[in-house]
Every structure is written in structure tokens, then in C-alpha cells.
């Protein structure tokens, strides 16, 4: 790929990303106009669905019959839940669970 082609590709990717990020705000920017019901429904449902999908993806390789039997994963999940119940901070909960898992795998199991 030539330098010109790379520049055009980067510009098109940037424009497409900006369009998909800004378009909903431009469409629904009027104070009178409310988003459609389906958009409000997806806004309520998708965050939990995405977290559920991430949990399934992260635990897909865990086998209770080999290795550490999923103990560090279970402990990290418990730490994440406990942190979230205690602080109600999503990023702190995710970071705390990740740190817990890494420490368990590197130092204990």
C-alpha cells in the first residue's frame, strides 16, 4: 500500500467512526424529539447483555476437572461482585477483579 492509499484509508476509517459516533446525537439533538422506544430499550438492555457475554467469553476455557479447577476465576468473580456491591463503581470493580485474578494466578496457583 502506498502512502497515499494509507492516508485515504485512515481518513475513511476516521470519517466512518466519527459518523457512527456523532450521528445519533445529531438525529436526537432536538429537545422536543425523543429517541424511539427501541433505542431506549436497547440502552437499558445492552449493557447487561454485553457484560453477560464477556463473562461467558472469559470463562469458556475454564474446566473444573483440570488445573486449578476454576478456583482463581471463581475468587476473582466473587471479588468483583463484592467490590461492586461495596463501592458501586464499575471501573473499580473490574480493575479490582482483574488485579485479584492476576495476583492469584501469578502468586498462588
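I'd like to know if the stretch 30-44 contains one or more residues that are under 18 Å from the mean Cα position of the chain (by Cα) and surrounded by fewer than 13 Cβ atoms within 10 Å (Cβ to Cβ).
So the first thing to find is which residues in the stretch 30-44 are under 18 Å from the mean Cα position of the chain (by Cα), and the list is 42-44.
So of that shortlist, the ones also surrounded by fewer than 13 Cβ atoms within 10 Å (Cβ to Cβ) come out as 43-44.
The answer is yes; a qualifying residue exists.
Could we say that residue 62 is closer than 30 Å to residue 108 by Cα and not in a helix (DSSP H, G or I) here?
On the way: closer than 30 Å to residue 108 by Cα: yes; not in a helix (DSSP H, G or I): yes.
In short, yes.
Find all pairs meeting these conditions: Cβ atoms under 6 angstrom apart; at least six residues apart or on different chains; first residue within the stretch 69-85 and more than 11 Å from residue 100 (Cβ to Cβ); second residue modelled with pLDDT under 95 and surrounded by 17 or more Cβ atoms within 10 Å (Cβ to Cβ).
84/93
Taking the stretch 77-89 as the search range and keeping residues that are assigned to a helix (DSSP H, G or I) and exposed (fewer than 13 other Cβ atoms within 10 Å of the Cβ), which one is nearest to the chain's Cα centre (by Cα)?
Initially, the stretch 77-89 is screened for residues assigned to a helix (DSSP H, G or I), giving 77-87.
Retained after the next criterion (residues that are exposed (fewer than 13 other Cβ atoms within 10 Å of the Cβ)): 78, 81, 85-87.
On the way: 78: 18, 81: 16, 85: 19, 86: 21, 87: 19 Å.
Among them, the one singled out is 81.
Since residue 56 meets every condition but one in (1) surrounded by fewer than 10 Cβ atoms within 10 Å (Cβ to Cβ); (2) in a helix (DSSP H, G or I); (3) over 15 Å from the mean Cα position of the chain (by Cα), which condition does it not meet?
If we test residue 56 against (1) surrounded by fewer than 10 Cβ atoms within 10 Å (Cβ to Cβ); (2) in a helix (DSSP H, G or I); (3) over 15 Å from the mean Cα position of the chain (by Cα), just (3) comes out false.
Considering 2, 20, which residue is under 22 Å from the mean Cα position of the chain (by Cα) and either modelled with pLDDT of 90 or more or surrounded by 10 or more Cβ atoms within 10 Å (Cβ to Cβ) (or both)? Show your work before the answer.
Details: 2 fails: under 22 Å from the mean Cα position of the chain (by Cα).
Result of the check over 2, 20: 20.
The values are calculated or read from the model by the stated rules, or taken from the named source; none is laboratory data. From a predicted model like this one, the values you see are computed outputs, not experimental measurements. No Cβ is skipped: glycine too gets one built from the backbone with ideal geometry, and neighbour counts run over all protein chains shown.
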